[in-house]
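*Asks:* Here you go, one structure.
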Amino acid sequence: MNIKNYLEQKRSLVEEAMDRFMLEESGPFKKHIEAMRYSLFAGGKRIRPILCLAAADSICAQERTQENLLPVACALECIHTYSLIHDDLPAMDDDQLRRGKATNHVLYGEAGAILAGDGLLSWAFDLIADRGKGNLTAEKRLDICHMVARAAGSLGMVGGQQLDIQSENKEIDFDTLATIHRSKTGALITCSIMSGAIGAGANAKQLHALEEYGNNIGLAFQIIDDLLDATATTEELGKTAGSDAEHGKATYPLFFGIDKTREKAKAAVDNAIKALTLFDHRADPLRGLANYIYSRTN
Ligand code: GRG
């Protein structure tokens, strides 16, 4: 299977659905909706929605299943986008650029950016609960809502972000760094996979294996992010949010050096692929995604 084609095909499916599912820029809330849409369509890789759809493919590779899961996939991207908008705020990283474009608060002001993030977070749950009607049973939608809320909230991404902020410019031990990574980045990635699997009707054994896969690619994703940051040129850093070092953050390369860090990323990818042993060729996109995460350059 050609992972590049797969990613491209799913990316356009997700972007078309996001446009369809997102509020329209009109009426009294036009400015707010414009701010939400600005960041949502500012060129992300769409990794989380694609993982959700690929996990569904690994259970049941049918077009109908994909269509059923699109509201959930789009909700995951809304949550990811909200987290980036808030992460860039003056009160957090205070970044002016993301993906080479002006950050949300630069264009819409601090209050506008906070509200755009809040709007995207709430809209995500609206999508799962309402747009998912007729596609997924009420029980599945409830399970997915619960899982997404848990991963995005205080025991996941939000808690991890707080821990990250309070650890800035401090010497932290490796366990704390691992907890930051697992909660801040890993939780939403694992949850993207699990929600796709639940939506497609995975059994307990399949869910367990996919959770193992998710935890490992979540780890690989964050390690590679640390590596890309540590090896980026000044010009590359200019196009993104500022470097981790600039923000006083602990990273894998700081603990282990570049070479050992790369080995650790490879080991996590290998463990992720090993976790998929009980799956047939329908999990090839997940296998390809694990390798893509390892070799990604942005
Ligand atoms: C503000 C509640 C709150 C949380 C922020 C995820 C996060 C927590 C902050 C982002 C900071 C960051 C760069 C984390 C490293 C891993 C990460 C999430 C990278 C960005 O994700 P990609 O590569 O982004 O999927 P694109 O641009 O492709 O959407």
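*Asks:* How many residues does the range 95-114 contain that are within 14 Å of the ligand (Cβ to nearest atom), in a helix (DSSP H, G or I) and not charged (D, E, K, R)?
*Replies:* 4
*Asks:* Okay, moving on. Does Ile172 fit the bill of being at pLDDT 95 or above and either buried (at least 24 other Cβ atoms within 10 Å of the Cβ) or closer than 24 Å to Leu254 by Cα (or both)? Reasoning before the result, please.
*Replies:* Working: at pLDDT 95 or above: no; either buried (at least 24 other Cβ atoms within 10 Å of the Cβ) or closer than 24 Å to Leu254 by Cα (or both): yes.
No: the conditions fail for Ile172.
*Asks:* Now, a different point. Sort out which residues of the range 176-222 are farther than 25 Å from Gln166 by Cβ and either under 12 Å from the mean Cα position of the chain (by Cα) or among the aromatic types (Phe, Trp, Tyr) (or both), and write them in order of number.
*Replies:* Answer for the range 176-222, where residues must be farther than 25 Å from Gln166 by Cβ and either under 12 Å from the mean Cα position of the chain (by Cα) or among the aromatic types (Phe, Trp, Tyr) (or both): Ser192, Ile193, Tyr213, Gly214, Ile217.
*Asks:* Check Cys60 against each of (1) in contact with a His (Cβ under 8 Å, 6 or more places away or on another chain); (2) at pLDDT below 95 and name the one condition it does not meet.
*Replies:* Of everything listed in (1) in contact with a His (Cβ under 8 Å, 6 or more places away or on another chain); (2) at pLDDT below 95, Cys60 misses just condition (1).
*Asks:* Right, here's the next one. Assess whether Gly153 counts as being within 24 Å of Val72 (Cβ to Cβ) and surrounded by fewer than 24 Cβ atoms within 10 Å (Cβ to Cβ).
*Replies:* In short, yes.
*Asks:* Out of the range 40-86, which residues are farther than 16 Å from Leu286 by Cβ and over 14 Å from the mean Cα position of the chain (by Cα)?
*Replies:* Phe41, Ala42, Gln62, Glu63, Arg64, Glu67, Asn68, Leu70, Pro71, His86
*Asks:* Output the residue which, of all residues in the range 106-140 that are small (Gly, Ala, Ser) and free of Cβ contacts under 8 Å to residues at least 24 places away in the same chain, is surrounded by the most Cβ atoms within 10 Å (Cβ to Cβ).
*Replies:* Taking the candidates together, the pick is Ala129.
*Asks:* While we're looking at this one, here's another question. Away from the ligand (no atom under 16 Å from the Cβ), closer than 22 Å to Ile59 by Cα and either at pLDDT below 95 or not acidic (Asp, Glu) (or both): which single residue out of Ala187, Ala202 fits that description?
*Replies:* Details: Ala187 fails: away from the ligand (no atom under 16 Å from the Cβ).
Sole residue among the options that is away from the ligand (no atom under 16 Å from the Cβ), closer than 22 Å to Ile59 by Cα and either at pLDDT below 95 or not acidic (Asp, Glu) (or both): Ala202.
The values are calculated or read from the model by the stated rules, or taken from the named source; none is laboratory data. Here the structure is a predicted model, which means the values were calculated and not measured. FYI the Cβ positions are ideal-geometry reconstructions off the backbone, even for glycines, and counts take in every protein chain you see.
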